[in-house]
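K.L.:
I am attaching a structure below and will ask some questions about it afterwards.
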Amino acid sequence: MILEVNDIYTSYGLSQILFGISLNVDEGECVALLGRNGVGKTTTLRSIMGLTAPKSGTVVYKGSDITGNAAFRVAKMGVGFVPEERRIFPDLSVRENLETGRKPAAGPNGKEWTIERVHEIFPILEGLGDRKGGHLSGGEQQMLTVGRTLMGNPDLLLLDEPSEGLAPLVVRDLSQQIARLKDEGMTILLCEQNAKFATGLSDRAYILEKGQVRFAGSIDELQGNEEIRQQYLGL
Ligand SMILES: Nc1ncnc2c1ncn2[C@@H]1O[C@H](COP(=O)(O)OP(=O)(O)OP(=O)(O)O)[C@@H](O)[C@H]1O
Ligand SMILES: [Mg+2]
């Protein structure tokens, strides 16, 4: 087990958002965290990452309790976070943006990421190497954000709504790229409102509503449970 979230309660000031979330991710898995807007998906990722510390409960990463650790420490241990808002540097070139993500690997886990390896996953970035980040399309920015995070050699990738705001054809490309990452052994926790996109890539899913887990199971179980799909995903 690479990540174990046990019964976390998280609030922003006085507003309580998460009410006892538990989930886990095994090495090499892609796990979807689904639910409509405002159910607590981003807050769950922020709690794991140490950006918003849970009030109670624990986050265990590679066997260490990291609950409430500072985000830079969690990142250093090998957790890569790709936030919802794509934070690229608009005045730096694509290549320079990728360079800013370079970090040594936390452990002896596989081969190190290089710009060339990022290009193998996202070929479109290769031809855009000199282009300023601010001049990229939404899809290109998303690919650059993921690529930059890969340059930090994460062992676990937290992706927050990567498909948001992208055209269907771009979402299809991104889906193939994430599938390839998974094939290469990357462990992924994928937050999405777009359940179709996420379930196509994932082994298991958790569905949140009002800060609680309402479904946990395999993608097959989810596909076979029409009631759950209709109630929480509108599918
Ligand atoms: N910084 C904040 N301060 C106060 N409330 C917040 C803050 N950030 C989020 N919230 C509230 O917490 C709740 C859960 O938000 P969260 O962003 O975790 O949901 P989400 O499932 O990621 O939604 P979305 O699909 O829209 O990204 C929402 O009601 C939101 O308004
Ligand atoms: Mg969110």
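K.L.:
What does the convex hull of the Cα atoms of the chain come to per residue, in Å³, rounded to a whole number?
P.N.:
In the chain, the Cα convex hull volume per residue is 115 Å³.
K.L.:
Identify, among T149, F215, A167, the residue whose Cα sits farthest towards the positive end of the charge dipole of segment 102-235, taking +1 on the Cβ of Lys and Arg and -1 on the Cβ of Asp and Glu, with the dipole about the Cα centre.
P.N.:
With unit charges placed on the Cβ atoms, the residue in question is T149.
K.L.:
Magnitude of the Cβ-charge dipole of segment 162-235, K/R +1 and D/E -1, about the Cα centre, nearest 20 debye?
P.N.:
So the magnitude is around 120 debye.
K.L.:
Tell me, V170, V94, V25 in order of fewest to most beta-carbon neighbours within 10 Å?
P.N.:
The fewest-first ordering by Cβ neighbours comes to V170, V25, V94.
K.L.:
Here is a follow-up. Under the rule of -39500 (n - 2.57) per DSSP H run of 4 or more residues, summed and divided by the residues of the chain, what mean residue ellipticity at 222 nm is obtained, to the nearest 500 deg cm²/dmol?
P.N.:
After summing the helix terms and dividing by the residues of the chain, the value is -8500 deg cm²/dmol.
K.L.:
Just to confirm my numbers, what's the Cα centroid distance between segment 1-58 and segment 154-176 in Å?
P.N.:
20 Å
K.L.:
So what is the relative contact order for segment 3-233, in percent, with contacts set as C-alpha pairs under 8 Å and at least six apart?
P.N.:
After rounding, I find 28 percent.
K.L.:
Where both residues lie in the chain, what percent of DSSP beta bridges are antiparallel, nearest 5?
P.N.:
55 percent
K.L.:
Further question: Report the residue, chosen from R86, R46, R172, that carries the largest GNM mean-square fluctuation when the chain is represented by alpha-carbon nodes joined by springs under 10 Å.
P.N.:
In the Gaussian network model the winner is R172.
K.L.:
Hey, another quick one. May I ask which of K103/K132; K103/K182; K76/K182; K111/K182; K76/K111 have a Cα-Cα span longer than 24 Å here?
P.N.:
With Cα atoms farther than 24 Å apart: none of K103/K132; K103/K182; K76/K182; K111/K182; K76/K111.
K.L.:
Residues with amide H under 5 Å of L3's amide H, sequence separation 5 or more or different chain, H placed in the peptide plane at 1.01 Å from N; which?
P.N.:
Sorted by chain and number, the residues that satisfy this are V25, K62.
K.L.:
Give the residue list of trypsin sites (Lys or Arg not before Pro) in segment 175-235 that are DSSP loop and have at most 15 other beta-carbon atoms within 10 angstrom.
P.N.:
Counting only loop positions with at most 15 other Cβ atoms within 10 Å, the trypsin sites (Lys or Arg not before Pro) in segment 175-235 are K210.
K.L.:
Using +1 on the beta carbon of Lys and Arg, -1 on that of Asp and Glu, and nothing else charged, what's the dipole of the chain about the Cα centre, debye to 20?
P.N.:
Here the size comes out at about 560 debye.
K.L.:
Identify, among A105, G28, P90, the residue whose Cα sits farthest towards the positive end of the charge dipole of the chain, taking +1 on the Cβ of Lys and Arg and -1 on the Cβ of Asp and Glu, with the dipole about the Cα centre.
P.N.:
P90
K.L.:
Where nothing but the Cβ of Lys and Arg (+1) and of Asp and Glu (-1) is charged, how large is the charge dipole of segment 105-164 around its Cα centre, in debye to the nearest 20?
P.N.:
For this selection, approximately 180 debye.
K.L.:
Quick one: work out Rg over Rh on the C-alpha atoms of segment 56-99, Rh as Kirkwood radius.
P.N.:
A ratio of 1.12.
K.L.:
Among G127, L233, I66, flag the residue with its Cα farthest along the positive direction of the charge dipole of the chain, charges on Cβ as +1 for Lys/Arg and -1 for Asp/Glu.
P.N.:
Value: I66.
K.L.:
A further question on this structure: Arrange Y12, Y206, Y232 by Cβ neighbour counts within 10 Å, fewest through most, would you?
P.N.:
Fewest-to-most Cβ neighbours within 10 Å comes out as Y12, Y232, Y206.
K.L.:
Sort S93, S163 so that the residue with the fewest other Cβ atoms within 10 Å of its own Cβ comes first and the one with the most comes last.
P.N.:
S93, S163
Taken together, the values in this text are just the output of simple stated rules run on the coordinates, not laboratory data. Please read these numbers as outputs of a predicted model, since none were measured by experiment. Don't worry about glycine lacking a Cβ; one is built from the backbone with ideal geometry, like all the others, and counts go over all protein chains shown.
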